[in-house]
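Engineer: So that we are looking at the same thing, I have put the structure below in structure tokens.
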Amino acid sequence: MSEKDPLVLSYSHLHHLPQPSSALHVLKKIASVVKPLMRARGWRVRELGEFYPEQENLLGLNINRGAKILLRLRYPSDKSLFLPVEQVTDTMLHELAHIVHGPHDGKFQALWDQLRDEHEGLVMKGYTGEGFLSEGRRLGGGGGGGGGSSFNRGRIPMHEARRLAREQAEKRKVQTTLSAGSGQKLGGARPRPGQDIRRVIVEAVERRNKTLKGCGVGVKDTGDKGLGEQEIRKIEEQATRNGFRSRAEEDEANEAAIAQALWELVQEDEKKKFGSGPKRIWRAHGHFSSITAATADFSRTRTIQRILKRWLGLQDLYPPQP
């Protein structure tokens with residue numbers, strides 16, 4: 001059973017560059033890992049496309065609040081080499097935040113941080129995108145050598161989706177414990193023994209700043225005014241001219257339901273950590289609370305705190321925001 005309302009309507013990859021099919025696969029992969037975040041907020045992207053702009057530092061563009069999102073998939077120095085998926089995913093999260101907030105202000109930074117937190121929470125619970133419960137097969141697709149699974153018989157009830165999500169999360173917890181948390185995340189891998197944690201933090205902040213500066217929107221108080229309308233239009237036209245557009249397939253409804261149940265588990269974990277106070281920016285039904293300058297400063301502090309917690313397994317270093 002399929003969802004009739006896809007979150008990403010179409011994809012566009014550069015067919016004249018090496019390995020065009022791989023580029024399309026990367027776009028679909030990145031879309032699949034962020035769909036639970038989009039679905040929870042009612043966000044839609046009309047077209048998710050690849051671009052290869054002349055500006056080597058330009059990593060992504062959000063045109064008309066999600067009408068089109070363009071991502072750099074390849075290294076500027078070599079068109080045949082693809083950037084790490086984790087890096088492009090972070091760019092995607094950054095551009096998704098622009099659906100709500102245009103300038104790189106405190107509100108934008110807080111939303112981007114929240115999207116990163118939610119994405120990493122899903123990864124830690126085993127979510128890898130579409131097909132994550134079926135070892136590479138689409139749920140309901142049956143696969144080879146047998147009659148498939150109970151998913152084939154129609155849409156599963158939400159309580160069953162939640163049960164399967166918890167089951168998957170427990171499996172992931174065991175696997176993470178056995179592998180000592182070796183998985184790659186947005187912030188990078190765990191530091192090696194003897195590695196300077198200060199350097200690790202600096203490198204993580206530099207990666208974040210690189211993504212921030214790789215957006216077409218300027219960065220306040222840095223002299224970076226961003227791209228003008230004519231420059232953005234030129235880049236968009238070039239991507240459209242060189243791109244091969246593919247219509248998105250319908251999402252598998254049961255798989256989407258389980259992915260959303262995993263997202264709900266992430267929210268439950270956040271509530272256990274921080275309570276239900278006003279610290280979180282996202283509110284139900286798409287409303288966002290206002291953020292003061294003090295909150296923005298706290299958000300930057302939380303970024304460093306999150307790095308330390310993620311790599312070293314530390315408990316909260318700071319109390320929840322009053």
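Every read-out reported here was derived from the displayed coordinates using simple, explicitly stated rules and does not represent laboratory data. Here the structure is a predicted model, which means the values were calculated and not measured. Cβ: placed from backbone, ideal geometry, glycine included. Neighbour counts: every protein chain shown.
Engineer: Listed residues Leu71, Leu61, Leu96; which is among the aliphatic types (A, V, I, L, M), touching a helix residue (DSSP H, G or I) at 6+ places or on another chain (Cβ under 8 Å) and within 15 Å of His25 (Cβ to Cβ)?
Structural biologist: Working: Leu61 fails: within 15 Å of His25 (Cβ to Cβ); Leu96 fails: within 15 Å of His25 (Cβ to Cβ).
The match here is Leu71.
Residue-by-condition table, conditions (1) surrounded by fewer than 19 Cβ atoms within 10 Å (Cβ to Cβ); (2) out of contact with any strand residue (DSSP E or B) (no Cβ under 7 Å at 6 or more places or on another chain); (3) over 21 Å from Leu9 (Cα atoms):
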{"position": "Glu50", "(1), (2), (3)": "no, no, no"}
{"position": "Leu59", "(1), (2), (3)": "no, no, yes"}
{"position": "Leu71", "(1), (2), (3)": "no, no, no"}
{"position": "Ser77", "(1), (2), (3)": "yes, yes, yes"}
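Engineer: Could you please let me know if Leu27 is part of a helix (DSSP H, G or I), of a type in the set (A, V, I, L, M, F, W, C) and within 19 Å of Ala256 (Cβ to Cβ)? Outline the logic, then answer.
Structural biologist: On the way: part of a helix (DSSP H, G or I): yes; of a type in the set (A, V, I, L, M, F, W, C): yes; within 19 Å of Ala256 (Cβ to Cβ): yes.
Taking the combined requirement at face value, the residue satisfies it.
Engineer: Output the number of the condition that Arg39 fails; it satisfies all remaining conditions of (1) touching a residue at least 12 places away in the same chain (Cβ under 8 Å); (2) part of a loop (DSSP other than H, G, I, E, B).
Structural biologist: (2)
Engineer: If a residue must be surrounded by fewer than 23 Cβ atoms within 10 Å (Cβ to Cβ) and not hydrophobic (A, V, I, L, M, F, W, C), how many such residues does the stretch 90-103 contain?
Structural biologist: 3
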